Structures are given as structure tokens and as C-alpha cells.
Amino acid sequence: MSSLMKGTAILTIGMFLSKVLGLVYIFPFYAIIGQENVALYSYAYIPYTIMLSVAISGAPIAVSKFVSKYNSIGDYESGRKLVKSGLLIMTITGFLSFLILYLLATPIAHLVIKDEEQIFSVAQIASVIRWVSFALIVVPFMSLARGFFQGYDHMKPTAISQLIEQIVRIIALLVGSFLIIKVFGGLAETAVSFAVFSAFIGALGGLVILYYYWNRLKPEFDLKLAQSVSSGKLSYKEIYSEVIRYSIPFVFVGVANPLFQLVDMLTFNTAMANIGLSKVTDIYLGMLNFNTHKIVIIPVMLATGFSMALVPTITQYYTKKEHGSLINAMDKTYQILLFITLPAVVGISLLSTDLYHVLYSNSAAGASILATYAPVAILFAFFQVTAALLQGIDYQKWIVLSLLTGILIKLAINIPLIEAMQTKGAILATAIGYMVSITINMLVLKKALDYRSKLVIRRSILIIVLTVVMAAFVIVVHKGLTLIVPDPSKGLALINVVICSCVGGVVYAFLSLRIGLAQKLLGERITRISRKLGM
């Protein structure tokens, strides 16, 4: 478990910082381009994310699984053989993906625009989609390298390269947007086009970091290659057939969230037009798919970190038939995931009004969407982790089935629910779709591993109780602050968020340390801290 926890910690810290940056840049960007143009930005990013997931074909985790598997039996040659040939293949794949998205920009835009009363035209949406497509040339190449490093349990290259990629992208995005609108007096559409193109600039920054780590770690890789034990001289056909078999489910995991967003992107405007709300549909969709999604996805970064570190670890346990270690890893993963994400999403829901005000504007509609959407983050997280577990034990085909089932249910009920409940209907449809997918994943895990854990159930109940107590304190403190300042400014709203978050965090930490739950889940370092505090 130590390697799992260490790898997870590195990836999680890197992703946390990356997600925080991905949140922090929003409010200056929002101030530069305005609420209306946020939707234009999101229209470009959803198809880009889906095409990106297809382009990289699940390479980071698939390659890490392949390399980890053969490294565990001393065959370091197969992993090197894969990475040498794979870099060329991923470069070609990236360029082809760029061409496909670039050429499909106008047809995609036609699917989005449903009414002449909408804010944007087909030409505007097609333009920003073309600009973001350039990033597809570079990113697939990087994904293969990250997977190779992870197969050797080197998580820093992935974490740091992702962080640098985000920093470079955000600097380019904010500086470029500011210059275009505030200095040169350009159009918001031009600023948004440059903002989405900054994904390409950021990817170049990440590539530089990976090149640095490759040079630094190459002596270690070469030494292990010299000690390699042959597993039968795998041919390229055998190598790629195994990697592709691993990759297909990873593609589906990578596109899970964007696919649910794509369903909203393609159906939301139709449903809103049906009930006579075409004039506001772009704004509401921007709030759902961009503004609030950026906040909601932050707790999910823990699941992403777990997923990337979990697959090679679970693969090793499964390959070596260490059933007890595998079950312990599953138990701890479920518990830590709920321990972190549940209080986080409850806190976001309770503080949604102030959070939305601080990051964007004082919007009752935006705050309401955020409060409703936040709890769905738990489902995002559990889908990723259960899918990672299925990948680790070679039950990949079930991921495809579970995700497609969830998507089809979302597609079937989305328009009726939106017509009945507007934006909250889209959120409910997403929650129902994810719950179905997770249920299928967990039933397969139970049957495949004979997995049952009363401990996880007991601990989950305990975590829920602690979260309820935490929520009660936060509600009381927030009500008190609201009585003092009923209509806070942006600065005072930030103070409210900080005070309530600190109160909630302290209460939750104190209770979990007092009863020993944090020590049992988070390890020796937390135990030492609790002893110093006299708990």
C-alpha cells in the first residue's frame, strides 16, 4: 500500500494544484470576456476533450499498465520497445485527430445552434473549435511518455508536467485575452479563440518538462533494460494488440464526463427552445458546463489521482494473485475517497451563493445550479475509481457496457427532465446515468472478486455522520454571518467562504482525529500529528 499511497499523493497534489489554477484563472478570464462569452469557450472545449481522449486512446494508464505488468516479471525490454515505436504512432494519431476536429467544426456547430434567438452563430462556434484543435497535435505524444514513467512508479513527471502545462496555458490565456480586448479593443470572439488556442501553447510547456525527466531518468531505465529477463520476445503485433485491448476501456473512462456534457451540449438548447427559453439557453448552459463544472470537478481530482496510481498497483496484485492485498487496496480506496469528497461537496453546496459570487458574479441562478450540481461530484469520483479497479483486473469490457448504458439513459431522459426542471433536470439526468454505470461496475467487482466489506459500509456511515455534524456548524456560522451582512460584497463573500470553510474543516478534522478515523485511513504521519495534539 505504501507505493500506492505515495504515487497517489504525488499525482493528487499535482492535480490539485493544477485544478486550483484551473479554477483561479476563471474569475479574471470571466471578468475579461463576460458571462455570455463563457458559453462560447465551453462549446469548443467539450468536443476537444472528447477528441483528445480518443486521440490518446487511454495511453497514460494503458501504457503504465503494460509497462508495470512486464516490469513485475523482470521484462523491461517490452516496455522500451513499446515506447520507442509508440511515440511515432501517437504523433500520427494526434495529427489525424487535429484534422478530423478541424474539419468537423462546422457540422458540430450546426448541431449546437437550435434557434436564431441564441447568442452565438454557427460560424462563431466553428471558429473556436478549429482554434482549440491544434492542441491535439502535441498532447497524444505526451500521454505515452507519461504512461511509461508511471509504469516505473515515477509519478513526478506526470504531476509536474501537467502543472507546468496548466501554468503556461493560463498565462497565455489571460495575457492574450487581456491584450486583445483591453489593449487592442478586439472582439470577445477573438479573445476566446486565442484562449482555446492556449491549450496548444501549454502542451508545449508540458512537453519540455517530460523531455527533462526523460534525460534525467534514462540511466535508470537503461540499467534495468540491461538486466531485462525475456518473456518471449513479444512482436509489435502482440504488444499493440495487448495495449489496444487495455486502451479501449480507458478511452471510455476518459470521455465519460465529456460525453455526459456533450449530451447536454447537443440537447439542452433544443429542450430550452421547446419551453420558450432560447434567449437564456446559452447563458444557462455556460453556467452548467463551464462555470459550475470547474468548481464541482475539484473534489474529483482525488479520484483521478487514485485511478492513475491504482491501475498498475492493482495489476501487480492481481498478476501475483495477492488477493488479500488487492481487497485491502479496494477497501482503503473507497474509504479515503468518501472521507475526502463527501465533506468537500457538502461544503460547496452550503456555500454555493458566496462561492459563485466570489468567482463569477452575484447570481441566484448560478448559485442554485452549483448547489444542485456539487453532490454529483461523488458519482464522478466513484465511477473513475470503480472503472480503474475493473481495468486492473482485466474486466475492461464491462466499463464500456456500464458507461454506454449510463449515457443512453441520460440521452433518453435529458430533454424531458430539462423541459420539466430546466438546468436542474440536466443535472438529475447526469446523476441517474452515473448511478446506473457505477452500480454495474460494483456488481461486476463483487462477482469477479467475491468482494464484500462490512467495514467499508460501517466507515461510510461514520463519515456521513461526521459530515452532517460539520454541515450543522457551517450552517450556523453562515447564518450568523448573513445576519451581520445580509447582502455582502465580493470581498465580504470571500471572507464568508474562508471563515465557514475553516470552521467546517476544523470541526471535521477534530472529530475524525478524535475518534481515530483519520489515523486509520491516512496513515502513520497523521497518527504522529494526532499524538502531538493529544488525541
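For chymotrypsin sites (Phe, Trp or Tyr not before Pro), the sites in segment 169-226 that DSSP calls loop and that have at most 15 other Cβ atoms within 10 Å are F184. With the charge dipole of the chain set up from +1 on Lys and Arg Cβ and -1 on Asp and Glu Cβ about the Cα centre, the Cα lying farthest toward the positive end among the listed residues T423, Q335, I484 is that of Q335. Only protein atoms count toward the accessible area here, which uses a 1.4 Å probe; on segment 272-402, the carbon and sulfur part of that area reaches 61 percent. In order along segment 415-420, the phi-based Karplus estimate (6.51 cos²θ - 1.76 cosθ + 1.60, θ = phi - 60°) of 3J(HN,Hα) comes to 4, x, 5, 5, 5, 7 Hz; Gly and Pro are listed as x. Between E220 and E36, residue separation times 0.36 nm minus the direct Cα-Cα distance comes to 61.1 nm. The relative contact order of the chain, computed from alpha carbon pairs under 8 Å that lie at least 6 residues apart in sequence, is 19 percent.
The P(r) of the chain has a tail past 42 Å containing 19 percent of all C-alpha pairs.
The simple spin-label model puts a point 7 Å past each Cα toward its Cβ; for D487 and I413 those points are separated by 3.9 nm. Take the Cβ atoms of V503 and K454, set R0 to 35 Å, and the FRET efficiency comes out at 0.60. Each Lys and Arg Cβ is given +1 and each Asp and Glu Cβ -1; about its Cα centre, the chain then shows a dipole of about 1800 debye. Using 15 Å as the cut-off for backbone N distance, which residues of segment 131-158 belong to the label zone defined by a point 7 Å from the Cα of L96 along Cα→Cβ? Hits in segment 131-158 for L96 at 15 Å: 137, 140-141.
Close amide H partners of I119, meaning residues 5 or more places away or on another chain with modelled amide H under 5 Å apart, are D282. List the aspartates and glutamates whose alpha-carbon lies under 18 Å from that of K332, not counting same-chain residues fewer than 8 positions away? Within the straight-line cut-off, K332 pairs with E322, D450, E524. Cross-link partners for K479 among the lysines, with Cα-Cα distance under 19 Å and sequence neighbours closer than 8 places in the same chain left out: K490. Estimated from helices alone, the mean residue ellipticity of the chain at 222 nm is -28500 deg cm²/dmol (sum of -39500 (n - 2.57) over DSSP H runs with n ≥ 4, per residue).
Other residues whose C-beta falls under 14 angstrom from the C-beta of A188 contribute a net charge of -2, scoring Lys and Arg +1 and Asp and Glu -1. Taking other residues whose beta carbon is less than 12 angstrom from the beta carbon of Y41, and scoring Lys, Arg as +1 and Asp, Glu as -1, yields -2. Peptide packing: for 126-132, 186-192, the average count of neighbouring Cβ atoms within 10 Å per residue gives the ranking 126-132, 186-192, highest mean first.
With the cut-off at 22 Å, tell me which of the pairs K237/K321; K156/K446; K81/K237; K19/K424; K69/K224; K156/K218 have Cα atoms farther apart than that. Beyond 22 Å between Cα atoms: K237/K321; K156/K446; K19/K424. What nm value, rounded to one decimal, do you get for the distance between I495 and I275 when each label is placed 7 Å out toward the C-beta? The two pseudo-label positions are separated by 3.9 nm. All other residues whose Cβ lies under 11 angstrom from that of D394 are scored, Lys and Arg at +1 and Asp and Glu at -1, for a net of +3. Of the trypsin sites (Lys or Arg not before Pro) found in segment 311-362, those that fall in a DSSP loop while having at most 11 other beta-carbon atoms within 10 Å are K321. The trypsin sites (Lys or Arg not before Pro) of segment 188-248 that DSSP puts in a loop, and whose beta carbon has at most 13 other beta carbons within 10 Å, are K233.
Heavy-atom accessible area for M442, with the other protein chains in place and a 1.4 Å probe, reaches approximately 80 Å².
Quick one: check the C-alpha center-to-center distance for segment 255-270 versus segment 356-392, whole angstrom. One Cα centre to the other: 15 Å. Scaling against 2.2 N^0.38 Å puts the C-alpha radius of gyration of segment 85-233 at 1.34.
Cα centroids of segment 506-520 and segment 176-198: 47 Å apart.
The values are calculated or read from the model by the stated rules, or taken from the named source; none is laboratory data. Computed from a predicted structure; not experimentally measured. Methodologically, a virtual Cβ is constructed for each residue, glycine included, from the backbone with ideal geometry; neighbour enumeration extends over all protein chains shown. Surface areas here come from the heavy atoms of the whole protein model, side chains and all, with no ligands, DNA or RNA. Shrake-Rupley method; radii C 1.70, N 1.55, O 1.52, S 1.80 Å.
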